[in-house]
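Down below is the structure, laid out as structure tokens.
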Amino acid sequence: MSAPRPALPAFLRPLLTLALSLVLALGLSGCVTTGLPTAAASPWQEVPLDTRSNPLDVAFTSATHGFLVGSNRLIMETDDGGASWEARSLDLPEEENFRLISIDFQGNEGWIVGQPGLLLHSDDAGKSWSRLLLDTKLPGEPYLVTALGPKSAELATNVGAVYRTTDAGSDWQALVGDAAGAIRDLRRSPEGDYVSVSSLGNFFATWEPGQSAWAVHQRVSSQRLQSMGFQPDGHLWMVARGAQLRFDGDLSIAESTESGDWSKPVIPITNGYGYLDMAWDPRGTIWTGGGNGTLLVSDDAGASWKRDPVGSEQPTNFSRIVFSQDGKGFVLGERGVLLRWVG
């Protein structure tokens with residue numbers, strides 16, 4: 001019969017418990033996907049900006065000339081396709097700190113909207129801008145502007161009111177009777193369809209030209225929506241809290257409900273940071289970006305993902321990914337971070 005083991009001194013017991021906990025945690029960590037492979041190369045190039053403001057939107061008048069707008073009255077101009085940018089200024093009251101949210105051009109005619117209550121128009125490729133007065137009864141604040149042609153544009157607000165002008169902003173016609181309510185995200189397709197995400201992220205709404213009101217779609221999932229937009233084929237995508245991505249397969253936006261033909265949640269990586277936007281590059285590859293330099297790419301329709309090496313080096317949150325029809329692309333980050341697509 002073996003001799004009994006000596007009892008462990010009482011002062012060592014907490015240390016043993018801590019050691020066992022660490023071993024158990026390390027052993028279980030392999031069961032959770034917290035890492036992704038890094039792509040061998042990146043199609044993105046960091047563009048130095050002499051600002052700490054947040055870029056929010058970008059638009060071009062030609063293949064090489066365009067503007068970048070953002071928080072704290074930020075407006076910058078490029079003449080080399082976005083490889084370099086120079087700060088510009090607008091003739092606005094100094095006491096107001098405008099947030100320039102959306103910019104768009106059709107040829108030389110351009111529009112900028114911002115908050116609080118700002119609408120600017122240019123007919124000379126941005127050499128000069130005139131401020132247009134907004135009706136005090138306008139529902140909500142300007143949020144999104146789309147240039148449609150000579151003297152024509154659509155203006156959408158942060159409560160989903162949509163207006164159109166055909167006389168350079170002198171008069172605006174309401175396109176939808178009832179607003180969608182307070183929103184956190186609003187997107188427009190090239191065909192003129194809109195999708196909005198409610199301010200709490202608990203439902204989304206869609207509107208097509210000709211409809212009298214927004215169609216509201218309640219969600220079954222408890223995961224709050226962050227943003228939604230349009231895939232290249234016109235179907236919808238959504239980004240939800242919990243780093244979830246979903247794709248709408250076969251339904252039109254009027255038929256698209258949470259219980260409809262949506263894919264199962266795609267969760268590329270569980271690193272504690274969510275996603276804020278999604279976009280398709282000219283090759284059809286999917287990109288998604290979010291917190292703490294998270295910039296991921298999938299070239300197999302979302303089945304697998306990789307980290308972008310240039311994006312991972314940026315100490316920022318990526319809020320927007322923008323691709324234009326002529327192949328230009330930009331990733332917009334906080335605190336003056338900008339990536340340019342170089343293919």
Between (i) 24.7; (ii) 31.5; (iii) 16.5, which entry matches mean projected area of the Cα convex hull in nm² as derived from the coordinates of this structure? (i)
Dipole of region 52-175, Cα-centred, from +1 at each Lys and Arg C-beta and -1 at each Asp and Glu C-beta, to the nearest 20 debye? 260
Per-selection Rg to Rh, region 183-340 - Cα, Kirkwood hydrodynamic radius: 0.95
Above 13 angstrom, tally the Cα pairs of region 52-111 and express them as a % of all pairs, no decimals. 60
Along the charge dipole of the chain, which of Ile75, Tyr194, Pro37 sits closest to the positive end, that is, farthest toward it, with unit charges on the beta carbon of Lys, Arg, Asp and Glu (+1, +1, -1, -1)? Pro37
For region 52-175, what are the per-bin percents of Cα-Cα distances with bins 5 Å wide, up to the bin holding the maximum? 2, 12, 23, 26, 20, 12, 5, 1, 0
Would you work out the charge dipole size for the chain about its Cα centre, treating the Cβ of every Lys and Arg as +1 and the Cβ of every Asp and Glu as -1, and quote it to the nearest 20 debye? 1760
What ranking, highest mean first, results for peptides 67-77, 129-139 when packing means the other Cβ atoms within 10 Å averaged over each residue? 67-77, 129-139
With the dipole of the chain defined by +1 on each Lys or Arg Cβ and -1 on each Asp or Glu Cβ, the option from Gly110, Thr136, Ala205 whose Cα lies farthest towards the positive pole is Ala205
Per DSSP H run of n ≥ 4, the term is -39500 (n - 2.57); total these for the chain, divide by its residue number, and report the mean residue ellipticity at 222 nm rounded to 500 deg cm²/dmol. -1500 deg cm²/dmol
Give the lysines reachable from Lys151 as a straight Cα distance under 23 Å; neighbours fewer than 8 places away on the same chain don't count. Lys127, Lys137
Place +1 on the Cβ of every Lys and Arg and -1 on the Cβ of every Asp and Glu in the chain, take the dipole about the Cα centre, and give the residue among His65, Phe98, Gln218 whose Cα lies farthest towards its positive end. Gln218
Can you give the relative contact order of the chain as a percent, counting alpha carbon pairs under 8 Å and 6+ residues apart? 14
Rounded to the nearest 10 degrees, what's the angle between the helix 13-28 long axis and the longest principal axis of the chain, both from Cα atoms, 0 to 90? 50
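All of the numbers you see were taken from the coordinates with simple rules; none came from a lab. Predicted model, so just to flag it, every value in this text is computed and none were measured. Positions of Cβ are generated from backbone atoms using ideal geometry, with glycine treated the same way; all protein chains shown enter the neighbour counts.
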